[in-house]
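Written below as structure tokens is the structure these notes are about.
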Amino acid sequence: MSETADWRQSPRRRVEVAAIAGLGYPALRALGSSWTWRVSGAEYADAIAVAGHRPILALWHGRILPAALYFQHRGIVAMASENFDGEWIARILGRFGFGAARGSTSRGGAAALRQLARDVRAHGVAFTVDGPRGPAGVAQRGAVWLSRATGQPLLPFHCEAASSWTVDSWDRTLVPKPFTTVAMAIAPPIFVAPGGGDQALDASRIRLEEALRNCQARCAELLCP
């Protein structure tokens, strides 16, 4: 029995999903409402909309929480796994105004990428470029492929917090503490040219990694006293 079928066929697990999503949304909404934001590069997101494009938001997996609070209620579609964790994450994201493409790069990825390719032209999408299992800080090809296939720009960004908790997980998930300052650094959009083989795709992937590292450095500057 697959992991997906297992949790769906368990009444206890279905109740747990509903409980986590039901309690998680108001808790995260209250947490996010206490933060003070310092933002650099917001004009890049605005310029994409003015030009009639839709963004492919590109971030590290460990920054999902502050990203979801910053980009909430913009109609963005995010990839969410079909397993137990993916289900409650998708439900919470839905309460924050996100759509969900179900699957991951390791399970159901092809179907999810096809859905994202449709969704990005209408709504914009979010992509954790080192997900779902890492290695952390190493961009995979998915977001770059999506940009090349659709002609829509990558919008790299990064978040840091002045005070935070870090989850003991492969991605070192950042949870900003209440009433802290959260820095958001957005890079100029990256357009991936159509055509080209794996070498061209990897060149764009490396460019994306560099943009994300620059965003990390910018966040550190924003948080300097």
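I'd like to check something: does the range 81-93 contain any residue that is in contact with a His (Cβ under 9 Å, 6 or more places away or on another chain) and either exposed (fewer than 14 other Cβ atoms within 10 Å of the Cβ) or at pLDDT 90 or above (or both)?
no
Within the range 129-159, the set of residues being crowded, with 20+ Cβ neighbours inside 10 Å and among the β-branched types (Val, Ile, Thr) comprises Val129, Val144, Thr150.
Residues in the range 73-88 include none that are within 16 Å of the chain's Cα centre (by Cα), in a helix (DSSP H, G or I) and of a type in the set (Ser, Thr, Tyr). Determine whether the range 9-17 contains at least one residue that is surrounded by fewer than 14 Cβ atoms within 10 Å (Cβ to Cβ) and small (Gly, Ala, Ser). Yes; the residues of the range 9-17 include at least one that is surrounded by fewer than 14 Cβ atoms within 10 Å (Cβ to Cβ) and small (Gly, Ala, Ser). In the range 83-104, the residues that are among the basic types (Lys, Arg) reach residues that are modelled with pLDDT of 90 or more with C-beta atoms within less than 6 angstrom, at least six apart or across chains, in these pairs: Arg91/Ala21; Arg95/Tyr25.
For the range 160-202, the tally of residues that are surrounded by 13 or more Cβ atoms within 10 Å (Cβ to Cβ), closer than 18 Å to Gln140 by Cα and either free of Cβ contacts under 8 Å to residues at least 24 places away in the same chain or among the aliphatic types (A, V, I, L, M) (or both) stands at 4.
The values are calculated or read from the model by the stated rules, or taken from the named source; none is laboratory data. What you see is a predicted model; the values in this text were computed from it and never measured. Note: ideal-geometry Cβ built from the backbone for every residue, glycine included; neighbour counts use all protein chains shown.
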